[in-house]
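The values are calculated or read from the model by the stated rules, or taken from the named source; none is laboratory data. Note that the coordinates shown come from a computational prediction; the quantities given were computed from them, not determined experimentally. Cβ sites come from the backbone with ideal geometry, for glycine too, and all protein chains shown count toward neighbours. Side chains are part of the model used for accessible areas, which takes the heavy atoms of the whole protein and leaves out ligands, DNA and RNA. Shrake-Rupley method; radii C 1.70, N 1.55, O 1.52, S 1.80 Å.
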Amino acid sequence: MSAEKVSITLNGKTSELPVLVGTENEYAINIDKLREETGFVTLDFGYKNTGATTSKITFLDGEEGILRYRGYDISDLAEKSNFTEVAYLLLYGELPTAAQLADFNQKLKDASDVPAETGAILKAMPKGTHPMAQLAAVTVALSGVFGDGAKLSEENIINILAKFPVLVAMVIRNSQGLDFIPNDKNADYVSNFLQMTFGKPASAVLVDAMDKLLILHADHEQNCSTSTVRIVGSSNANIYASISAGISALWGPLHGGANQAVLEQLEAIEKDGGDTAKFVAMAKDKNSGFRLMGFGHRVYKNFDPRARIIKKSCDEVLNDLGVKDKKLTIATELEQAALHDEYFVTRKLYPNVDFYSGIIYKAMEFPTDTFTTLFALGRLPGWVAQWKEMKENKEPIGRPRQIYTGATLRPYVAVSER
Ligand code: CMC
């Protein structure tokens with residue numbers, strides 16, 4: 001390998017593959033022409049080693065526990081910024097001036113009303129429909145109102161960002177069989193969301209904690225849901241359909257759905273008598289099919305920087321609300337067990353962002369099955385920024401190859417007369 005090229009000899013034929021180096025010295029071999037030149041494709045289950053794109057949005061170093069949006073460290077942003085400013089940063093690449101931020105916030109308020117049919121759509125869904133299914137449905141339904149959603153336009157970007165918190169709040173209320181609360185265009189993004197969810201103004205501590213949680217979830221480069229948004233968008237499907245697909249991908253318990261799963265697991269451990277050692281042993285037993293939810297990460301192999309920030313915020317919120325929760329003790333015991341247990345240490349399994357977020361959401365009194373909609377609300381600016389970048393890069397339709405391992409050609413023999 002030279003700095004610029006890698007030579008690979010396959011079937012006696014040597015192919016020279018260009019090497020790409022990112023601004024943070026990440027190396028990639030560009031295999032664009034590999035099949036054409038050698039007849040080979042690469043195979044990488046779960047894309048553990050495959051870069052699907054180049055991106056200027058988020059930098060993540062799993063070994064060092066680094067997460068940066070557009071070059072800004074996540075802990076700086078969580079401490080000093082606010083969610084709509086971070087959304088602007090992700091979308092447009094630079095922090096806004098005060099005037100630009102005021103204008104952006106105003107546009108979000110102006111465009112925040114959702115279609116009149118939204119409530120009826122939610123109410124028409126079967127009782128007990130999971131909130132993520134409801135959210136995916138009302139999000140894709142926006143395409144019925146905004147015709148040219150596939151176009152990369154300011155209108156589409158503002159529309160989805162502005163309406164989404166209203167949709168999430170309506171879904172949360174519908175899931176509990178509660179009436180909807182009117183959208184208040186004078187309130188800021190996060191306060192309005194909390195007010196629409198709980199039907200009363202939220203305290204400054206809650207608004208601040210929610211804002212921080214949303215920032216921490218705002219982007220995470222090419223994860224499962226973001227890759228879904230980019231790949232669906234690459235077919236020229238509209239932004240509402242692309243985001244709705246991302247919501248569905250996020251729902252799974254191995255991804256965003258872990259925050260709900262963590263809390264359900266903590267509740268189960270509490271109900272079982274609180275013996276964390278028993279559950280740690282189960283997680284280590286491959287035959288049990290049991291995993292400790294909120295532990296492990298595809299990319300972070302040292303610690304999840306978001307989990308560190310959230311843990312601190314979690315302590316503050318619980319203190320402020322005066323919540324004394326046995327689940328927090330259980331969570332701390334699980335964390336300690338994992339940090340010192342050989343199984344977890346050798347596999348580099350650390351608490352991830354979802355481990356603590358569920359405990360805060362519970363203290364804030366969000367119903368457990370709505371937790372993942374809050375992850376979606378946080379992740380939205382990342383999804384939209386990645387969709388925008390994919391359009392700007394004019395990326396081709398996403399279409400992986402496969403290695404066929406099924407039956408080879410065989411004759412069809414009819415078993416019955418037509
Ligand atoms: N509990 C017990 N064992 C685990 C766990 C866990 N939570 N996570 C991974 N392992 C083991 C796994 O069995 C495997 O062991 P071995 O090498 O002996 O076969 C090894 O660790 C590597 O696991 P993997 O499944 O190959 O790793 P992955 O990169 O494919 O999966 C993960 C990453 C997050 C899906 C996985 O760690 C997991 O299922 N965690 C629990 C779910 C969770 O908390 N998900 C939220 C992720 S953070 C939010 C987000 O960004 O989506």
> Once the dipole of the chain is set up with Lys and Arg at +1 and Asp and Glu at -1 on Cβ about the Cα centre, which of M196, F146, T23 lies farthest towards its positive end?
Replying inline: F146
> Considering only DSSP states other than H, G, I, E and B, which GluC sites (Glu not before Pro) in the range 5-57 qualify as loop sites with at most 13 other Cβ atoms within 10 Å?
Replying inline: E24, E26
>> For the pair K80/K127, report the inter-label distance in nm, with labels modelled 7 Å from Cα in the Cβ direction.
In response: 5.2 nm
> Got the relative contact order for the range 258-363 handy, in percent, Cα pairs under 8 Å and 6 or more residues apart?
Replying inline: 44 percent
>> Test of the criteria: in the range 1-87, which trypsin sites (Lys or Arg not before Pro) are in a DSSP loop and have at most 12 other Cβ atoms within 10 angstrom of their Cβ?
In response: K33, K48
> With every protein chain left in place, what is the accessible area of K286 in Å² (1.4 Å probe, nearest 10)?
Replying inline: 140 Å²
> Fully extended, how many nm does the chain gain between E154 and E365 (0.36 nm per residue separation, minus their Cα-Cα distance)?
Replying inline: 72.5 nm
> Rounded to the nearest 500, what is the chain's calculated 222 nm mean residue ellipticity when only DSSP H runs of at least 4 contribute -39500 (n - 2.57) each, over all residues?
Replying inline: -16000 deg cm²/dmol
> Accessible surface of Y88 in the full protein assembly, 1.4 angstrom probe, to the nearest 10 Å²?
Replying inline: 30 Å²
> For K185, which lysines qualify as cross-link partners when the Cα separation must be under 19 Å and same-chain residues fewer than eight apart are set aside?
Replying inline: K107, K109, K163, K200
> Assigning unit charges at the beta carbon (Lys, Arg +1; Asp, Glu -1) and nothing else, what dipole magnitude in debye, to the nearest 20, does the chain show about its Cα centre?
Replying inline: 1120 debye
>> How high is the relative contact order of the chain? Use alpha-carbon pairs under 8 Å, at least six apart in sequence, and give a whole percent.
In response: 20 percent
> Full extension from S288 to D61: what is 0.36 nm times the residue separation minus their Cα-Cα distance, to one decimal in nm?
Replying inline: 78.5 nm
> With the other protein chains left in place, how much accessible area per residue, in square angstrom, belongs to the range 173-245 at a 1.4 angstrom probe?
Replying inline: 37 Å²
> With no solvent and one point on each alpha carbon, what is the Debye value of log10 I(q)/I(0) for the chain at q = 0.06 Å⁻¹?
Replying inline: -0.28
> Along the positive direction of the dipole of the chain (beta-carbon charges: Lys, Arg +1; Asp, Glu -1; about the Cα centre), which of H217, S175, S75 reaches farthest?
Replying inline: S175
> Which percent of the accessible area of the chain is formed by carbon and sulfur heavy atoms (probe 1.4 angstrom)?
Replying inline: 52 percent
> Per residue and in Å³, how big is the convex hull formed by the alpha-carbon atoms of the range 258-363?
Replying inline: 91 Å³
> Heavy-atom accessible area of E79 with all protein chains present, probe 1.4 Å, nearest 10 Å²?
Replying inline: 140 Å²
>> Heavy atoms only, 1.4 Å probe, whole protein assembly: order Y72, Y350 by accessible area, highest first.
In response: Y72, Y350
> Simple spin-label model, 7 Å along Cα-to-Cβ: E94 to D179 in nm?
Replying inline: 4.8 nm
> Taking a probe of 1.4 Å, how large is the accessible area per residue of the range 258-363, in Å²?
Replying inline: 48 Å²
> Over all distinct alpha-carbon pairs, what is the Kirkwood Rh of the range 5-51 in angstrom?
Replying inline: 11.7 Å
